Amino acid sequence: MNLLSFSILLALFITWSIASPNPLGVGYRAAPENTVVINNAHTDVGDSEYPGGTSVYCTSSARTSAAQGTIPEDFWNNVAYNTGIGSGSYVQLTGCINPSSLDRINTGDAGGQYDSSGGRDGTGNPAGSVCAGYNHYIEILEPAGPRACIRCCEDPDDCPTKQDRSGCPNVIPGDYFDCP
């Protein structure tokens, strides 16, 4: 399956919405055409985890607003889409990224996590972020990897948010294509 077909298929299954600090209030996106990305150039993921530190970035075909950044076409190198049943059902993306294609990302960063249940008040990081159709999500960006993973789940046990230093393959098992 090519990336375009894969993107269209995912758009049918996953829609993410990100609440404030997005200047639009709420912005919608469909993976793998997008991700939560750092606002300031060459910033480590962990240093972006504060209100206003992240934004929604989408491919040009998935953008719904000028307030959303544009992910370069070569940001995702290889992506695998999988569904599963754990304590509940889930969908996930795992794969390789090209962090140097987007100046928001520090290419030497070991990475960090965004999720719907963490953050200061347990309301997500970014606050208010959700994966539409699911109760929870977790996204890990590992620029130095260079890989990323995203899982949307019904049950929080399937989206472990307390293992953010364990890395994508341990938190969200899947195909990482021996990312270079």
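The values are calculated or read from the model by the stated rules, or taken from the named source; none is laboratory data. The shown structure was predicted, so the numbers you read here are calculated from the model rather than taken from an experiment. Cβ sites come from the backbone with ideal geometry, for glycine too, and all protein chains shown count toward neighbours.
For every residue, the table says whether it meets (1) in a strand (DSSP E or B); (2) among the acidic types (Asp, Glu); (3) within 19 Å of residue 134 (Cα to Cα); (4) under 14 Å from the mean Cα position of the chain (by Cα).
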{"site": "67", "(1), (2), (3), (4)": "no, no, no, no"}
{"site": "82", "(1), (2), (3), (4)": "yes, no, yes, no"}
{"site": "94", "(1), (2), (3), (4)": "yes, no, yes, yes"}
{"site": "100", "(1), (2), (3), (4)": "no, no, no, no"}
{"site": "108", "(1), (2), (3), (4)": "no, no, no, no"}
**Item:** All positions within segment 134-146 that are out of contact with any Asp or Glu (no Cβ under 9 Å at 6 or more places or on another chain) and either outside any loop (DSSP other than H, G, I, E, B) or under 15 Å from residue 84 (Cβ atoms) (or both)
**Value:** none
**Message:** Could you list, ordered by first residue, the pairs with Cβ atoms under 7 Å in which the first is in segment 83-94 and among the hydrophobic types (A, V, I, L, M, F, W, C) and the second is crowded, with 20+ Cβ neighbours inside 10 Å and in a strand (DSSP E or B), at least 6 apart or interchain?
**Reply:** 91/152; 93/79; 93/81; 93/149; 93/150
**Complete:** Counting only residues in segment 109-135 that are small (Gly, Ala, Ser) and farther than 17 Å from residue 171 by Cα, the one surrounded by the most Cβ atoms within 10 Å (Cβ to Cβ) is identified as 129
**Message:** Out of everything in segment 147-180 that is within 14 Å of the chain's Cα centre (by Cα) and outside any strand (DSSP E or B), what residue ends up being nearest to residue 86 (Cα to Cα)?
**Reply:** 159
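For the subset of segment 26-43 comprising residues that are more than 17 Å from residue 138 (Cα to Cα) and within 15 Å of the chain's Cα centre (by Cα), which member is modelled with the highest pLDDT? It would help to see each step written out before you state the result.
Step one: filter segment 26-43 for residues more than 17 Å from residue 138 (Cα to Cα), giving 26-27, 39-43.
Going one step further and asking which of them are within 15 Å of the chain's Cα centre (by Cα), we end up with 27, 39.
On the way: 27: 32, 39: 82.
So the residue we want is 39.
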**Request:** Go through segment 136-157 and count every residue that is surrounded by fewer than 24 Cβ atoms within 10 Å (Cβ to Cβ), within 19 Å of residue 123 (Cβ to Cβ) and of a type in the set (A, V, I, L, M, F, W, C).
**Result:** 0
